[in-house]
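Only one structure is covered here, and it is reproduced in the block below.
Each reported figure results from applying straightforward, stated rules to the coordinates on display, with no laboratory input. Note that the structure is a prediction, hence the values are computed from the model and not measured. Don't worry about glycine lacking a Cβ; one is built from the backbone with ideal geometry, like all the others, and counts go over all protein chains shown.
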């Protein structure tokens, strides 16, 4: 199947992005963001899972939770390029919200093909935030590595690195029964569920280990089908994460460029010096390629699924590196002020580092790409 | 065994280096070098194996061929740090000469422990240039991979990537008999020896495939001992090559720095611009570490042989990268003139590229280092 | 990009033209010559190469594949949006490149934008057909990156200009009939003291013009020094007004950097005996190269490096695509102005990886029987510096991007 | 470097001192405290940390391990060449660092070179013993890289100077008794308008001095803003002449960069709860981390990256060694002036590799039960930017090297 030249990025997608930008500029500009997440600098602070729940309701009103839900399940069934554009804006604003996690859950649920999954998608459409609980204690996203076991419809074990665990209403849990992996829906307040918050570096997310003790769960994909649903959803997850990173990287770039225009040293704005200018140009170049790869991957998911994994891994690899580089240079080129808590740069630095490693950083993506490219 | 703080680089070693520098400044300054090697630019030129044989005789008079020969075999038995210093000067002058090859042959011969090897070392002491013929057609220096076979004292097969083949009097050949590898001495004008010159990029070396057809040879190391002698010699070979690369890199750095001081653009010497200045600083930093690693490796060979391979591989890795980077920036930062044949930079660029890949470039050295470091 | 994508937005007329191109190329693709073709038009050295390549361009021009977007009055096809189609079909078919690359990419658009009606009628057709080869006189020994520092002087005497000076890096000058020349008519102002001319080369050799080949680090010729000694040029060959030379030069450079709307006729540049231009080339090389006794393509380090190149290549391809989708570009010049910088650094990294894959075999050069792929990889690597130096070094490109796109203070 | 190497050139007296140090340290190494020690003296936040560290420095001073090279008259040991031995033995023993790092590395040598006899007798001893903690007032909000752009003003009134201004990045100011201060007495000349002072901090708090903690990106405090409002300082606390401030500051910086002959007393800096400082730390981390279900130490990519760090580390170690062999150094400043730049970028690369090895676990921070090695790796990585920014950014360091060592034109 061929991809459209313009990535299928049409007027509807532009509108979604424009409205997201407007919403986030107003409600999650950097002043509000700082006030929300950066109040407690102590290094041993507990993670507060800081978010503004009223904004979640507004996101639901804007229809964001429906975007990725297929029309057949009552959603808007929008293209991945629309989700990517939205995620890019979210990244650019470092928006603390379970919306990305809810997208990830949506991507997985829509691959399950069961009534239970369809019902779960319905909950998302109605505004229930969800997240995936599919990672083991070692940080593996491989479905078969899950530390949770299913006995009938009861789950026991621990899912680690669960994003936004304290903001969601439901978990989509992968669990083994014998050699098979199934997917299950568990309410966050279900009996036997306990959430142990991680103390993390990123101020804009929360993360936890979620322990299940003989918890009643609804099967979403039969044992043996869970792994398949997860791998089918993977390109969408990677692409969305990559879009978020591209947005975060662009923020770091633009903020540093602005600073380089006004900060003077040795009688010049520091952007005069090539030691400042050229690394920022390199960051721009890295970001542009990552961004192009993101829309290509999104468009492949929409129109050329056989290439989707390859392109999505490329996008995640490029975006991870671009965001890492842009954030790194943002701290360095801000100089002394960039090393302080009062400067906003660290908020994005930390968020970008977090996203870089979620679902595998660039070298890990390249490792998976090798057999697809060096054939 | 502990290493001396000063690398054992004493007055005798300083004298050897100073005399080499004086000799090469006079006889192989860049004007003479260019006249000697860069006369025929045609891309399909045959390799001329350009060298000044009268200089070889002077090198012999200066005692260079004896330096690495043990006193027991009639040589000067100098430390490796002296050889390294000499090789650094050779690299800095891109001296077209079989002296490095002769050192390599010396390093191998002194590990053989036979009377035949001792006799061969005597020939070197007397001034016979020699080279190793131990590489197969695939470019492997692994002793067991040789393409030459020994039947009794007759050799058949082809050695590839033989350095300075047309300048030497003897080859030190590795050859298989069954599963064992032995080392053999073969006169370059021996019956059944034919030398097919490679057309190579480097203007300061020659390289060839040497074919042996039922050639009478003198056994230097018994079958089964050849591989051992080669591996014991390897740290010395790598360190000497690394020293040559460090010298070549330093030439590229200094020449480009000089150019950056006099070439003006936009009303400034180009060294004013950080896009010129900072890469040259980075080259200097890379060279300094490589140089320190070279003397450390040489000193380890002299005093701490159990660490020699590790340190020699580190030195070759660092020197290969430093020379590659310094040469690359030398061409780039010379701009238009650096891309022309009339500018001397390309002579060193090509020599450094050649040396980079001899006996393995940086990633290949690192691969071998991994089990020594990540234990 | 898959062909299907390219086709997907063709108008019916364009679709028909694409079919025509494809058929014509299939029937007229020239046989491989007995001699080596260089890796790009800028390294054309011999008359046999020139004759072969000039004939090929002429044939394509006659078939309507060159200059489609140019007005008919000036020898073009008069059909906007058709050159891209011809370019795509030519590139897919891996035919030889067009020799008149300077004329097509810089001369013709500059004349179209700044030339008199008379000049447009006189010169554009010969550029498109390749019958008249053009070269460019911008760089000087003392003015490389600092183009506006040009000191070649044009002195007005009545109706003629007397040109004296020294240009370097003039590719194709040894075959060229004409040159586009940036010269100085006044020392009063660095920028406003510049004026732009068309000047004769071939017809003036020995009569005020000397062309001396420069030799590249590869040993190839193909670019030259051009020395002007009292060359007389009529005022009618001036482009735009006196003192507008810098403005005209910006038009030229905009087209050279691929950042202008007019599409340069191109056969894709892949038809020479060239390797070292794509991930596929690397994969093929890795499969046929040994590393530690195994195919290099099975080595994890080499694999990772190839994948890095593949991501970069795909990123550039998708950049090209995104650059044409305004709603996905915050700043319309951001991607186009990166093209030259990133494209040339990509080829440098790619060809260097080729050397790493070859290992000691990277020592083997053109004409060596055992050199992988005829020794083209070290050639490509050395030639890659032509890319990162000529037409604005990578350092200058980064200044341009930092200043024009990101708006930071000028570094000079 | 192996201990044997260090010993190899000791004089008999030095060998005896080394034995003494070793024995003393073995008997007096303090127990690990119940609270977390920061990764360097610059992040000391709490009084319990300060008290513990100050007591340790005092104990070492009393035992003769601090200030060995300083003259006895000023509280030192009066034995040139002995501090290095004490430093080596302290570093081997992995004891806590000395808290008074600014005083030891910058204050004492500056006072020794530029202070009056009275000042030397009054201040050096308290620095060596750690009883008086010192801080440094160089950087300002508007003068970071451009140190000579300092605007903190010192106005002479009779026998006193009235100081007004704002210093930032002043580590340890919250504990400091004294500050070395670079101030401006005149706006007539950028460099010659600078004068250097010793100024009181602790005793003047609320009386012209305000210390406000700044918070780092790690969340740690430890560095501060210091605001002067009409602080009176007697003229006797001026160092060197009026207008010589820049010269004195260069002495300070030379010592800070380790490029001066006087050896700074140091306990090696490895005694905090720190990781992320050596290849061994990486190897240990890789062995205990999983990557694709296997120990990361078995992953070829991670192995290669660790080996790169190992080569770098060995290169720095051997640089230190070679810097002391004049016959192997063309330019005596070439290696010493690289130290700050390369050392800090090395730690940045090393700590970033730690994050790569940890993968998603690099998200886990101090105080998380499952964080590898207590979350010290992301802390070390973030703190590494303090290294590449403070005391002359990496960009400034590259200018210095390009200009002072390679002799290229000044970039500003």
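Structure notes:
- Once divided by 2.2 N^0.38 Å, the Cα radius of gyration of chain A becomes 0.97.
- Nearest-ten-degree value, helix A:362-373 long axis tilted from longest Cα axis of chain A: 70 degrees
- D (Stokes-Einstein, µm²/s), Kirkwood Cα radius, region C:304-381, 1.002 mPa s at 20 °C: 150 µm²/s
- Note on residue D:325 and residue C:35: with the Förster distance fixed at 51 Å, the Cβ-Cβ geometry gives a FRET efficiency of about 0.35.
- Mean silhouette area of the protein assembly as shown, derived from the convex hull of its C-alpha atoms and averaged over all directions, reads 60.0 nm².
- Remark on region C:80-152: ratio of C-alpha radius of gyration to 2.2 N^0.38 Å is 1.36.
- Where N is the number of residues in region C:271-405, Cα Rg divided by 2.2 N^0.38 Å: 1.18
- Working note: Cα gyration tensor of region D:166-242, eigenvalues times five, square-rooted, sorted largest first, giving semi-axes of 24, 15, 10 Å.
- Working note: Cα gyration tensor of region B:143-296, eigenvalues times five, square-rooted, sorted largest first, giving semi-axes of 45, 18, 10 Å.
- Bridges between two residues of the protein assembly as shown, per DSSP, are antiparallel at a rate of about 85%.
- Per residue of B:356-363, other chain Cβ atoms within 10 Å of the residue Cβ number 5 on average.
- Seen against the Cα atoms of chain C and their longest principal axis, helix C:376-389 is set at about 40 degrees.
- Radius ratio Rg over Rh of region C:7-132, counting only Cα atoms, Kirkwood formula for Rh: 0.98
- Distances from residue C:205 to itself in the other copies, using label points 7 Å out along the Cα-Cβ axis, amount to 8.6 nm in increasing order.
- Of the Cα atoms belonging to region D:54-187, the radius of gyration and Dmax stand at 16.5, 52 Å.
- Calculated log₁₀ intensity ratio I(q)/I(0) where the Debye formula runs over C-alpha points of region C:112-257, q = 0.13, 0.14, 0.19, 0.22 Å⁻¹: -0.53, -0.62, -1.20, -1.62
- Shape call, region D:263-337: gyration tensor on alpha carbons, a/c limit 1.5: oblate
- Counting every pair of alpha carbons in chain D, the share spaced more than 38 Å apart comes to 21 percent.
- Principal axis dimensions, region A:1-160 - Cα atoms, whole angstrom, descending: 52, 47, 29
- Closest approach to the axis carrying B onto A, counted by Cβ on chain B and given in whole Å with its residue, is B:274, 2.
- Think of the axis that spins chain C onto D; the C residue whose C-beta lies nearest it, and the distance in whole Å, is C:300, 2.
- Relative to the longest principal axis of the Cα atoms of chain C, the long axis of helix C:12-28 makes an angle of roughly 80 degrees.
- What the Cα convex hull of region B:294-342 gives, in volume per residue, is 73 Å³.
- By the Cα gyration tensor, region C:201-353 has an equivalent ellipsoid whose semi-axes, rounded to whole angstrom, run 40, 25, 11 from largest to smallest.
- Cα centroid of region B:320-371 to Cα centroid of region D:159-191, whole Å: 49 Å
- For residue A:113, the distances from its label point to the matching points in the remaining copies are 7.0 nm, ordered from shortest, with each point set 7 Å beyond Cα toward Cβ.
- Ranked by the mean number of other Cβ atoms within 10 Å per residue, highest first, peptides C:68-81, A:249-262 order as A:249-262, C:68-81.
- Counting only other chain Cβ atoms within 10 Å of each residue's Cβ, the peptide D:362-374 averages 6.
- Label point 7 Å beyond Cα along the C-beta direction, distances from residue D:10 to other copies (nm, shortest first): 8.5
- Grouping the Cα pair distances of region A:23-117 into 10 Å bins from zero gives a pair-distance distribution of 14, 42, 28, 13, 3 percent in increasing distance order.
- Gyration tensor (alpha-carbon) shape descriptor, region A:67-160, a/c threshold 1.5: oblate
- If you take the Cα centroid of region C:213-236 and the Cα centroid of region B:135-155, the two points sit 52 Å apart.
- Calculated P(r) tail over 14 Å for region A:53-103, as whole % of Cα pairs: 53 percent
- The mean number of Cβ atoms from other chains found within 10 Å of a Cβ in peptide A:218-226 is 0, as a whole number.
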